[in-house]
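Scroll down for the structure; my scribbles are underneath it.
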Amino acid sequence: MIWVAWKMLIGNRAKYLGIIFGVVFASLLIAQQSSIFCGLMSLTVSQILDVPGASIWVMDENVQFVDDIKPLADTELFRVKGVPGVGWAVRLYKGIARARLEEGMYEQMILLGLDDATLVGAPEHVVMGSIADLRKPDGVIIDEAGYKRIWPGEAYQLGRVFEMNDHRAVIVGITKARKTFQSFPIIYTRYSQAVRFAPPERKVLSFVLANPKDGLTPEEVGLRIEAETGLQALSRQEFLWKTIRYYLEKTGIPVNFGITVLLGFFVGTAIAGQTFYLFTVENIRQFGALKAMGTSNRTILLMVLSQALHVGVIGYGVGIGLAAAFGWWSGQTTRLSFFMPWQILALTGAAVFLIVLAASVLSIRKVFVLDPAVVFRG
Amino acid sequence: MSDQSVQPSTPENTLAVRVRGVKKAFGKGDATTLALRGIDLDVPYGELLMLIGPSGCGKTTLVSIVAGTLEPTEGDVHVLGHDLLAMSNRRIVRFRRENVGFIFQAFNLLPALTAVENAAVPLLIAGWRRKHAVEVAADFLEKLGLGDRLTNLPSELSGGQQQRVAIARALVHEPRLLVCDEPTSALDAANGHVTMELIQNVAVQANRAVIVVTHDSRIYSFADRIAAMEDGHIQRVQHGGTFDENVPHPKDG
């Protein structure tokens, strides 16, 4: 009888497409908006993710997220190095600097100063040039997206010069980096050079990057650093989630996206529910005939649920597919951030399940209370 | 297809339907309407009984009760040896599935299913495999002269052809009671005649009773007996294929 139910459903093409549309709309909106939200959240932590070598981030105890820079004295590096269990520790400068281009234009840039000796925190994927060239005088590496932003449509070219804080900077490499929340170009250079590029301040050390000795966990050593120095020391994962939590709790971003997701859920439910109900009402005599012929309420329930599940699966698949296509398209043509982890697929699946369940409840009730004798009445 | 688990409870094993003192009220309080006011009716196996009477006289209510789709307010209903009022809802559903065939006024074919799939529906409800059910239904439709229309949708069939599909659907699972509600009202005279011929030739069997509710006097000739209803009563029952309005009811003296 499930097969009969599906044929009944598909046979009414207009209603069938209407119900599918409702589920697709909800599925697309929920998946797409959630993915953009996740994309935005991933932007906030992109600079943590782009420093793969260090498993411990040490910073001022009041820092709330990765862009919340509260500079430390350079001597803090040595205090961290002195904590038992710390394998190695290096400096990292992070700040916003203004660059003056050859053409006389100004551009805000994210400036990252890496430890002069080890270059820990250097980008992994170099498109042109080499990391080692950072050791050249005035050498900087710029991210690919930043290069395209400053010199749109121009071929990559090393040796281009610009100024930061009246100091000369020469591009010695181009790298791939994750998009950032501010979407400014990212400039990598040596720490000693970064502090010259940056506006003068008494304290300039942004973070100490560290790794534990073998056999110790970052969390364990982080606690020791906190106890010994009074600084905040977080594992990479902890810092990542602290940053995301900050954006979730202190900004209106999740509320805005949440409203859109809820809107998609309710509008999808309304469209799918109403159309599904109308479909059932339109077929009420057929259901009555089936009941008269001995179809049990249990079978009727299975029939209606299988119809709901059918449109749910198709609507979910099409909606997710469209959302993924949108993500691919936006990745190719825009700077919109789009990230669709499996959790979004699960969340959207759960939402679609609720939608089709809600949509079928009224219909099920209608058919359940249907008197089979209705088929004898005119 | 018979219900083996329920033992016949009536002594008259020749009777397919035995109805005694059946009343049916709709509504509550002051709004109560008595649709049936004490019906006694016997329908033996092998008989085609027609229920006739004006609209609102209670024909449909009576046939719904006999078919097990409506519960009477009062009275006894024994169908195919089963006391319907003593059966649970679930068993009545099963009873209908296994023992009753229906032909509806508006055909009530499923528009998305082909002719053969529609005819196979009772077998699918009974849990048959689709392939086997469709094969059996196809054989039945062949017998009814619709062998070349098996894969047509109802919308592609004429009224007469749709009614033949409905007849096939009603009989494919070999029920022992066939209930027809105005089977010719949506058909012209010729198709109505053909439909009744089919019902008489294919449906009426020694082990089956057929009840036809109708307004159509042109088909009275197909009846073994005709029961005329009025205002919730059976006014008179006549044997033979014609109905004479002037024959007095036994109670009229």
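Tell me which DSSP H helices of chain A clear both cut-offs, 30 Å or more of axial length from alpha-carbon atoms and a mean Kyte-Doolittle hydropathy of at least 0.5. Don't skip to the answer; put the middle values down first.
Details: long enough: A:13-44 (45 Å, 1.31); A:253-282 (43 Å, 1.38); A:297-333 (53 Å, 0.92); A:342-368 (37 Å, 1.79).
Taking the DSSP H segments of chain A (at least 30 Å long, mean hydropathy at least 0.5), we get A:13-44, A:253-282, A:297-333, A:342-368.
Exposed loop sites, defined as trypsin sites (Lys or Arg not before Pro) outside DSSP H, G, I, E and B with at most 10 other Cβ atoms within 10 Å, are absent from the longest region of chain B, namely B:130-253. Near the amide H of residue A:337, within less than 5 Å, lie no amide hydrogens of residues on another chain or at least 5 residues away, with H placed in the peptide plane.
Neighbouring Cβ atoms from other chains, within 10 Å of the Cβ of residues in B:55-66, number 2 on average.
For residue B:229, the residues 5 or more places off, or on other chains, whose built amide H falls under 5 Å of its own are B:52, B:53, B:235. Mean separation of Cα pairs under 8 Å and 6 or more residues apart, divided by the residue count, gives the stretch A:73-230 a relative contact order of 36 percent. Amide hydrogen proximity for residue A:72: with H placed 1.01 Å from N in the peptide plane, the residues at 5 or more positions away or on another chain lying under 5 Å are A:204, A:205, A:206. Think of the protein assembly as shown as having a plus end and a minus end, set by charges on the Cβ of Lys, Arg, Asp and Glu; of A:112, B:92, A:264, A:112 sits farthest toward the positive end of this dipole. Loop sites by DSSP among the GluC sites (Glu not before Pro) of chain A, restricted to those with at most 12 other Cβ atoms within 10 angstrom, leave A:202-378 as the longest stretch without any of them.
For peptide B:151-164, the mean count of partner chain Cβ atoms within 10 Å of a residue's Cβ comes to 0.
Averaged over the residues of peptide B:106-112, the number of Cβ atoms from other protein chains lying within 10 Å of each residue's Cβ is 6.
Rounded to the nearest Hz, the phi-derived 3J(HN,Hα) couplings of the stretch A:58-72 under the Karplus curve 6.51 cos²θ - 1.76 cosθ + 1.60 (θ = phi - 60°) are 10, 7, 4, 5, 9, 5, 10, 7, 5, 8, 8, 8, 10, x, 10, where x marks glycine and proline. Here the Gaussian network model covers chain A, with springs between Cα atoms less than 10 Å apart; of A:128, A:41, A:59, A:128 fluctuates the most.
Remark: chain A is approximated by an ellipsoid whose semi-axes, taken from the C-alpha gyration tensor as √(5λ), come to 59, 24, 15 Å, largest first. Converting phi to 3J(HN,Hα) with the Karplus coefficients 6.51, -1.76 and 1.60 and the offset θ = phi - 60°, the stretch B:225-236 yields 9, 10, 10, 9, 10, 7, 6, x, 10, 8, 6, 7 Hz in sequence order, with x at every glycine or proline. Karplus-derived 3J(HN,Hα) values for the stretch B:200-215, using 6.51 cos²θ - 1.76 cosθ + 1.60 with θ = phi - 60°, are 5, 7, 9, 8, 6, 9, 4, 9, 9, 10, 10, 10, 10, 8, 7, 9 Hz; glycine and proline are entered as x. Magnitude of the charge dipole for the stretch A:73-230, about its Cα centre and with charges confined to Cβ atoms of Lys, Arg (+1) and Asp, Glu (-1), is about 120 debye.
Using a Gaussian network model of chain A in which every pair of alpha carbons under 10 angstrom is joined by a spring, one finds that among A:261, A:127, A:311 the greatest mean-square fluctuation is at A:127.
When only the Cβ of Lys, Arg, Asp and Glu is charged (+1, +1, -1, -1), the dipole of chain B relative to its Cα centre reaches about 720 debye. For the stretch A:71-160, the mean projected area of the C-alpha convex hull, equal to one quarter of the hull surface, is 7.4 nm². Highest average first, the peptides A:298-305, A:322-329 ordered by how many other beta carbon atoms sit within 10 Å of their residues are A:298-305, A:322-329. Hey, if you put +1 on the Cβ of every Lys and Arg and -1 on every Asp and Glu Cβ in the stretch B:159-208, which of B:160, B:177, B:194 ends up farthest toward the positive end of that dipole? It is B:177, whose Cα lies furthest towards the positive end. Pairs of Lys residues in the stretch A:73-230 that lie 8 or more places apart, or on two chains, and have C-alpha atoms under 26 angstrom apart add up to 14.
For the stretch A:73-230, the share of alpha carbon pairs falling in successive 5 Å distance bins from zero is 2, 9, 18, 20, 18, 12, 10, 6, 4, 1, 0 percent.
Measuring nothing but how far apart in sequence close Cα pairs (under 8 Å, 6+ apart) lie, relative to its length, chain A scores a relative contact order of 31 percent. How are the alpha carbon pair distances in the protein assembly as shown distributed across 20 Å bins from zero to the largest one, expressed in percent? Taking all Cα pairs of the protein assembly as shown, the binned fractions are 16, 31, 17, 16, 16, 4, 0 percent.
The charge dipole of the protein assembly as shown, taken about its Cα centre with unit charges on the Cβ atoms of Lys, Arg (+1), Asp and Glu (-1) only, comes to about 540 debye.
Report the net charge of residues surrounding residue A:116, where surrounding means a beta-carbon distance below 9 angstrom and charges are Lys +1, Arg +1, Asp -1, Glu -1. Summing Lys and Arg as +1 and Asp and Glu as -1 gives +2.
For the stretch B:9-78, state which GluC sites (Glu not before Pro) are in a DSSP loop and have at most 13 other beta carbons lying within 10 Å of their beta carbon.
B:12
With contributions of -39500 (n - 2.57) from each DSSP H run of at least four residues, the per-residue ellipticity at 222 nm computed over chain B stands at -8000 deg cm²/dmol.
Computed from the alpha carbon atoms alone, the convex hull of chain B holds 137 Å³ per residue. The convex hull defined by the C-alpha atoms of the stretch A:266-378 has an orientation-averaged projected area of 8.3 nm². Would you work out which of A:177, A:152, A:225 lies farthest towards the positive end of the dipole of the stretch A:143-230? Charges go on Cβ: Lys and Arg +1, Asp and Glu -1. Farthest towards the positive pole: A:152. Between A:246, A:191, A:316, the GNM of chain A built on Cα springs shorter than 10 angstrom shows A:246 fluctuating the most.
Here, each number is a calculation from the coordinates, and none is a lab measurement. Here the structure is a predicted model, which means the values were calculated and not measured. Cβ: placed from backbone, ideal geometry, glycine included. Neighbour counts: every protein chain shown.
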